[in-house]
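Written below as structure tokens is the structure these notes are about.
The values are calculated or read from the model by the stated rules, or taken from the named source; none is laboratory data. No experiment lies behind these values; they were computed from the predicted model shown. FYI the Cβ positions are ideal-geometry reconstructions off the backbone, even for glycines, and counts take in every protein chain you see. Heads up: the accessible areas ignore ligands, DNA and RNA and are worked out on the full protein's heavy atoms, side chains in. Shrake-Rupley method; radii C 1.70, N 1.55, O 1.52, S 1.80 Å.
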Amino acid sequence: MNLVVDAGNTRIKLGFFENKNLLQHFVFNHIQEIDTNEVLKEYFEKVKYAIVSNVTDIEVDNSFRKYLSNASIINFSTLKNFPLQIDYKTSHTLGQDRIACAAGAIKEFQDANILVIDLGTCIKYNVIKNKTFVGGAISPGLQMRYKALHHFTGKLPLLDSNENISSPIVGKDTQENLHSGVINGCVAEVNYFIDNITSDTDNWIIVLTGGDALFFEKVIKRKVFLRPYLILDGLNEILEYQIGR
């Protein structure tokens, strides 16, 4: 059994794979929550190989070593070769989650032109052509925009996109104004990037992943593929590549 760990800016995701199929996944807000989860212990005992992707400044690798004493653990940051090409000026600064997104998308869609939009803490646009990651863009996600408006002003309230939101273009009170700016601005941005990145040909596949992907699936103008476990799938593909399977 394989274990893949995606330590993101907001949550830690674990995926257990057997024969390249995702058997079970878990989501935690803090690494400490893993200590108290009894179900996980049964899975940990069966793990032979593991890989840890970490985009935070918090060290998590050693936290898993105590659970996986019989497993071979691969640290993503030490890897040099991947099941895809990377055409990026500063490949050493490219986020591990973005590489995993690309690997997962290529596994499913092969040689297609692919735009993967990861809608999480940040919105990451990942462009893949001919099994090569060629670049993209990064902008603040929904929650980050709400927090910025509250943090950098004196009186604007902190709102949450998970509320029952009314976001008319022309808001009639402060909350509606904030929701309109954040949500409609975000939707307009995503559609703008899709239109411009895919303008060279109709032969594009657009994939959504991340915590806000389900919301955006409903408001994007183009046909999209929703893949909530894309990073986990990509991490497992990278792990399989490293162990030669």
| field | Criterion (touching a helix residue (DSSP H, G or I) at 6+ places or on another chain (Cβ under 6 Å) and modelled with pLDDT of 95 or more) met by exactly one of I99, I123, I114, I138 | value | I114
| request: Kindly check whether there is at least one residue in the range 159-166 that is closer than 17 Å to A213 by Cβ, without any contact (Cβ under 8 Å) to a residue 12 or more places away in the chain and not in a strand (DSSP E or B). | output: yes
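Please specify each residue of the range 71-90 satisfying the condition of being open to solvent by 70 Å² or more (accessible area, probe 1.4 Å), in contact with a Phe, Trp or Tyr (Cβ under 9 Å, 6 or more places away or on another chain) and free of Cβ contacts under 8 Å to residues at least 60 places away in the same chain. Spell out how you get there, then give the answer.
Initial filter on the range 71-90 (open to solvent by 70 Å² or more (accessible area, probe 1.4 Å)): 77-78, 80-81, 85, 87-89.
With the extra rule that they be in contact with a Phe, Trp or Tyr (Cβ under 9 Å, 6 or more places away or on another chain), the set shrinks to 81, 85, 87-88.
Q85, D87, Y88 - these are the residues of the range 71-90 that are open to solvent by 70 Å² or more (accessible area, probe 1.4 Å), in contact with a Phe, Trp or Tyr (Cβ under 9 Å, 6 or more places away or on another chain) and free of Cβ contacts under 8 Å to residues at least 60 places away in the same chain.
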| task | Please determine, by comparing only the residues of the range 200-233 that are part of a helix (DSSP H, G or I) and either open to solvent by 70 Å² or more (accessible area, probe 1.4 Å) or charged (D, E, K, R) (or both), which one is nearest to L23 (Cα to Cα). | result | D233
| message | When the residues of the range 28-53 are narrowed to those that are among the β-branched types (V, I, T), free of Cβ contacts under 8 Å to residues at least 60 places away in the same chain and surrounded by 12 or more Cβ atoms within 10 Å (Cβ to Cβ), which ends up nearest to I231 (Cα to Cα)? | response | V52
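Would you say T93 is closer than 21 Å to R11 by Cβ and open to solvent by 10 Å² or more (accessible area, probe 1.4 Å)?
Working: closer than 21 Å to R11 by Cβ: no; open to solvent by 10 Å² or more (accessible area, probe 1.4 Å): yes.
When the stated conditions are applied, T93 does not pass them.
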| field | Matching entry among I128, I138, I123 (being touching a residue at least 12 places away in the same chain (Cβ under 8 Å) and under 13 Å from W204 (Cα atoms)) | value | I128
| field | Identity of the residue in the range 9-27, surrounded by 15 or more Cβ atoms within 10 Å (Cβ to Cβ) and of a type in the set (A, V, I, L, M, F, W, C), that ends up modelled with the lowest pLDDT | value | I12
| task | Name the single residue, out of those in the range 54-70 being without any contact (Cβ under 8 Å) to a residue 24 or more places away in the chain and closer than 25 Å to C101 by Cβ, that is least open to solvent (accessible area, probe 1.4 Å). | result | D61
| message | Looking at the range 184-199, can you tell me whether even one residue there is in contact (Cβ under 8 Å) with a residue 40 or more places away in the chain, hydroxyl-bearing (S, T, Y) and open to solvent by less than 80 Å² (accessible area, probe 1.4 Å)? | response | yes
| query | Within the range 28-69, how many residues are farther than 25 Å from Y241 by Cβ, at pLDDT 85 or above, hydrophobic (A, V, I, L, M, F, W, C) and under 21 Å from the mean Cα position of the chain (by Cα)? | reply | 1
